[in-house]
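S.K.: One structure follows; several queries about it will come next.
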Amino acid sequence: MGKLHQTGNVIVRVYPNDHLPPHFHIVSPDEEALIEIETLSVLAGAIPKGKAGREAMKWATQNKAGIIVEWNRINPRFPTN
């Protein structure tokens, strides 16, 4: 559901019918972070430690436009630019 990217055991996801502000999740078996799409700042939780967590944030930074497209597709009541 909403899986955009995976690096090792760290997954970048956008969930349908989610809440504001527009955000995505970086999920690992031990940690989860909610990242605001616009600013890429951590809203809650913690980015998974290690290389996979850093790579997930790097991917998100480089693919912000695609994350926005997916957010808008599965959360149409809260569109973002």
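S.K.: Each residue of segment 39-50 in order: what ³J(HN,Hα) in whole Hz does its phi give by Karplus 6.51 cos²θ - 1.76 cosθ + 1.60, θ = phi - 60°, with x for Gly and Pro?
M.R.: Per-residue couplings from phi come out as 9, 6, 8, 6, 8, 7, x, 9, 5, x, 6, x Hz.
S.K.: Work out the length of the dipole vector of the chain about its Cα centre, built from +1 on the beta-carbon of each Lys and Arg and -1 on the beta-carbon of each Asp and Glu, and round it to the nearest 20 debye.
M.R.: Computed charge dipole of the chain: roughly 220 debye.
S.K.: Consider the candidate values (1) 26; (2) 35; (3) 22; state which one is percent of Cα pairs over 20 Å apart computed from the structure displayed.
M.R.: So the structure-derived entry is (3).
S.K.: Let me ask something additional. Give the calculated FRET efficiency between residue 80 and residue 44 to the nearest 0.05, with a Förster radius of 25 Å applied to their Cβ-Cβ distance.
M.R.: That pair, residue 80 with residue 44, gives E of 0.90.
S.K.: Averaging sequence separations of C-alpha pairs under 8 Å and six or more residues apart, then dividing by the length of the chain, give the relative contact order as a whole percent.
M.R.: Relative contact order comes out at 27 percent.
Taken together, the values in this text are just the output of simple stated rules run on the coordinates, not laboratory data. Please read all numbers here as calculations on a predicted model, not as lab measurements. Glycine gets a Cβ as well: all are built from the backbone with ideal geometry, and neighbour counts include every protein chain shown.
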